[in-house]
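Following: one structure in structure tokens, then a few remarks.
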Amino acid sequence: MTGERIVFEGGRVVDPANRTDEVRDVVVADGVIAGPEAMEGAERIDARGLVIAPGLVDLHTHLREPGFEHKETVETGTRAAATGGFTAVASMANTDPVTDHAAIGHVVRDLAAAAGLADVFPVGAITKGRAGESLAEMGEMVDAGVRVFSDDGDTVSNARLLRNALMYAKAFPVEIVLADHAEDASLVEGGHMHEGSNSYAMGVAGRPAAAEEIAVARDLAVARATGGRLHLCHLSSARAVELVRAAKAEGLRVTAEVTPHHLTFTDDDVATYDTNLKMNPPLRTAEDREALREAVADGTIDVIATDHAPHAIEEKESEFDLSLPGTIGLETALGVVLTELVHPGRVSLMRALETMTVAPARILGAADHGGPIEVGRPANLVGFDPDEGWVVETPFVSRARNSAFLGRRLTGRVRFTMLRGTLTVADAKATR
Ligand code: DOR
Ligand code: ZN
């Protein structure tokens, strides 16, 4: 398949890696971007009206395999990823067994390679079993290519352990990033949504914004004390954004991410008790959402990541308090970002794509991904129609259907995705 030659004709090529935005042909031969000499005999694909960008990179995906294949598998999750325009995803470590040693990562990567739909970069757990008590086999995992570590789902509650992990990570010759799910455990225990007037009216126990503020402040203090490289997962509150902005101004080595759902919804939307809007951290207020949008625009937040969190139907279709937290997001992320940020003029297309391509690729150490779209580079690409309207509906490509965006109309749809010269998605459908 990689021997194929394809020319995408007349697309608008937006490449955040070299900040170019121009209408031109893109030639692909033997799995890489080629020069015009390779156009001879190539298949021609009309890309007029499409934006062509580096394949999207998701820094925060739960693929659930091994252990929770009833929710998602590497194959179904990467098919959903490809459908959403992604060529690479980081798979979170809250599997069973936990990805706290190299063997699990090897299994996940092999499954991804066999499926051939997207490259998967397993995230290693920071602590053994994600139990928060002792460090995982970080060295072994770094040797196996792991660059990002996270106990996501839970914060690393023990500050001393986080400090040790940040110091240990500094000792490697490659950049190792520790990504924290920043919610103070004691404050969120038993809580199911943002704590505020809506949670009081609904009679649902809350997870206060202060939980995030405290965890972020502590994480930044430990990063400052160690000089370690910290990444903050899925920020949800205005005060956390403010702390990160100040930390960056100070020169701390910190990056931060936000999800499409936190950029879209508020806790007012949760008042319907729709369990698809239950996730951790929770959806917060309109002021928080505004701060998150501004932080994407001004660079305080580096990455938009999905936190794709598939669950089985019966795990979501229960009482609000009993249902599991999380929304799927791979198939809708780009459409949501275009609809909520780019089309209303809140964030430029270049900036939005930067947060979904080159920025996460750098953090992940995914050198083949995120662009630039230049001769000789691996042909990892997405083509999307920025103006095509569609409604988010079942069935999903993901095994799960717990989407916060169900029923919403989005403007912007992926038409093709290419992984190393092979179309994983053509005419908006997965090819394999
Ligand atoms: O809502 C969430 N779901 N937040 C997390 O941090 C974990 C995730 C999951 O694994 O389901
Ligand atoms: Zn998380």
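Checking every one of the GluC sites (Glu not before Pro) in segment 5-64 against DSSP loop status and a limit of 11 other Cβ atoms within 10 Å picks out GLU40.
Once the other residues with Cβ under 10 Å from the Cβ of GLU9 are scored (Lys, Arg +1; Asp, Glu -1), what is the net sum? Around GLU9, the surrounding residues sum to +1. Within segment 153-192, list the residues whose amide N lies under 19 Å from a label point set 7 Å along Cα→Cβ of SER134. Answer for segment 153-192: 156-169. Counting only DSSP beta bridges with both residues in the chain, what percent are antiparallel, rounded to the nearest 5? Close to 50 percent.
Apply the a/c threshold of 1.5 to the C-alpha gyration tensor of segment 258-309 and tell me whether it is rounded, prolate or oblate. Note, shape of segment 258-309 comes out oblate. Spin-label pair ALA225-GLU189: with each label point 7 Å from Cα along the Cα-Cβ axis, the two points sit 2.2 nm from one another. Under a Gaussian network description of the chain, with springs only between Cα atoms under 10 Å, the residue in THR61, THR255, THR226 that fluctuates furthest is THR226. For the pair LYS429 and SER318, the difference between a 0.36 nm per residue extended length and the Cα-Cα distance amounts to 36.8 nm. Enter the Cα centre distance for the pair segment 340-384 and segment 238-280, rounded to the nearest angstrom. Measuring centre to centre over Cα atoms gives 21 Å. Taking the helices alone, the chain has a mean residue ellipticity at 222 nm of -8000 deg cm²/dmol, built from -39,500 (n - 2.57) per DSSP H run of at least 4 residues and averaged over all its residues. Which entries of LYS71/LYS278; LYS128/LYS278; LYS170/LYS248 show an alpha-carbon separation above 22 angstrom in the structure shown? Over 22 Å Cα-Cα: LYS128/LYS278.
The distance linking segment 104-175 with segment 61-75 is 17 Å (Cα centroid to Cα centroid, whole angstrom).
Each value in this text was obtained by applying a stated rule to the coordinates, not by laboratory testing. Since we're looking at a predicted model, the values are computed, not measured. Cβ atoms come from the backbone with ideal geometry, glycine included; neighbour counts cover every protein chain shown.
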